[in-house]
Amino acid sequence: MPDIDEKLTAQLGYSPFLDSALIQFDKQILLATPHILALPLNEVFFTCYYIHSVRHPAGQDYPDHQHDDAVEIQLCLDGEYAIEVAGQPPLTLHPGAGTVIMPGLRHRSRCIKKGVRLTARAAINGADAIQFTSELAKQAAGGLISFDERGQDMVICELFRVLLADTPNPWKYEIAGGLIRIWLGTILATCLDFGHRMRTAPAAGIDIGNRGNALCERASTFIYANFQRPLNIDEIAQHTGITTRHLNRLFKKHVGTSVCHTLRDVRLSAAFRMLSGNPKSSIKEAAYRVGFSSPSYFTQCFKQQYGILPTEVHLRLSKPLKDALKYIDTSRIIADNN
């Protein structure tokens, strides 16, 4: 059976795993990332915010790390990789083989034979995200979940073809985003058990018998699913099927605040969870991860919302409040004097 490299070489006329082609592909897939729509599952959403493909030399190591609020998918396209979790034998990935890594699972990886790996991360968002993340961690029982990509290699081939094609395509990134979403959804649905969550039920606190409430719920669901990418009230209203003015009126009546304020609150709440769970996260990373285009504006909004700077979150959570405030005040005095 021909592998992905052979299939792509036949379609493109050259190997996409040449360094020049791979660099171009990685640039193009980065531009497609904002066009990957979230995968909804009742009150939670999988939102792909990172996808990356690069060649690794044999022997390259990635030290222990974890992603507390995201599922990671690693797919070997060429060469050979080993993924390790403490207390378990290494999982070896050959071309066409991959693994799903649950949130909070500490792992490391190593390139055994020079190769190419596709890595994607999907954040878990929504009103029930914390409970759902815990459920996924229990389902994996602290281990890696392996999969065989053979059934999805056509999607990967089409993704390379679309992003590396010379022919102009006004919807190139939208198409690529759709292909990534299909690939991601298929792997998650194949590797994980969502049976207990596949039900039709309204979100708590929403009376779907009331049209105004139902429209607010539809808009809120769209916000939770897409807040990590560029998003404005016009797109939210268009998705909901009403004008921006009408949507704002409904939000103020049923939610008690504006649409833009709701979007900002969702983003800031996600940033707070990210910063409190990982003290090594940078302000810039947190800002861009939750949908802000300006780290300085993010810092301003964060301070207004929580009364502290983003850099002070971990300090406030790791020390008694009085000691933390004293330390913060001292740090500010030193900074002002400098």
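The values are calculated or read from the model by the stated rules, or taken from the named source; none is laboratory data. Not measured: the values here are computed from a predicted model. Every residue, glycine among them, receives a Cβ derived from its backbone with ideal geometry; neighbour counts consider all protein chains shown.
Structure above, values below:
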item	result
Odd one out for E6, checked against (1) touching a Pro at 6+ places or on another chain (Cβ under 8 Å); (2) free of Cβ contacts under 8 Å to residues at least 60 places away in the same chain	(1)
Pair list, Cβ under 7 Å, 6 or more apart: segment 148-174 residue in the same structural domain as Q24 (by TED's automatic domain parsing), other residue of a type in the set (S, T, Y)	Q152/T186
Members of segment 136-159 found to be surrounded by 16 or more Cβ atoms within 10 Å (Cβ to Cβ) and either out of contact with any Ser or Thr (no Cβ under 8 Å at 6 or more places or on another chain) or in a strand (DSSP E or B) (or both), listed by number	L136, A140, I145, F147, E149, D153, I156, C157, E158, L159
Residue that is modelled with the lowest pLDDT [pool: residues in segment 254-293 that are among the polar types (S, T, N, Q) and in contact with a helix residue (DSSP H, G or I) (Cβ under 7 Å, 6 or more places away or on another chain)]	S276
Among residues of segment 49-77, those that are in a strand (DSSP E or B), within 16 Å of the chain's Cα centre (by Cα) and modelled with pLDDT of 85 or more, counted	8
Residues being of a type in the set (A, V, I, L, M), touching a residue at least 60 places away in the same chain (Cβ under 8 Å) and in a helix (DSSP H, G or I) - total across segment 28-48	3
Residue count for segment 107-147, restricted to those that are touching a residue at least 24 places away in the same chain (Cβ under 8 Å), more than 14 Å from A82 (Cα to Cα) and charged (D, E, K, R)	2
Selection count, segment 164-197, where residues are part of a helix (DSSP H, G or I) and either farther than 23 Å from D26 by Cβ or in contact with a Lys or Arg (Cβ under 7 Å, 6 or more places away or on another chain) (or both)	6
Failed item, numbered, when P103 is tested on (1) surrounded by fewer than 20 Cβ atoms within 10 Å (Cβ to Cβ); (2) part of a loop (DSSP other than H, G, I, E, B); (3) touching a strand residue (DSSP E or B) at 6+ places or on another chain (Cβ under 9 Å)	(1)
The one condition in (1) at pLDDT 90 or above; (2) touching a Ser or Thr at 6+ places or on another chain (Cβ under 8 Å); (3) basic (K, R) that R218 fails to fulfil	(1)
Test result for I175, surrounded by 18 or more Cβ atoms within 10 Å (Cβ to Cβ) and either under 20 Å from the mean Cα position of the chain (by Cα) or modelled with pLDDT of 90 or more (or both)	no
Residues of segment 233-250 classified as surrounded by fewer than 18 Cβ atoms within 10 Å (Cβ to Cβ), touching a Lys or Arg at 6+ places or on another chain (Cβ under 9 Å) and part of a helix (DSSP H, G or I), total	1
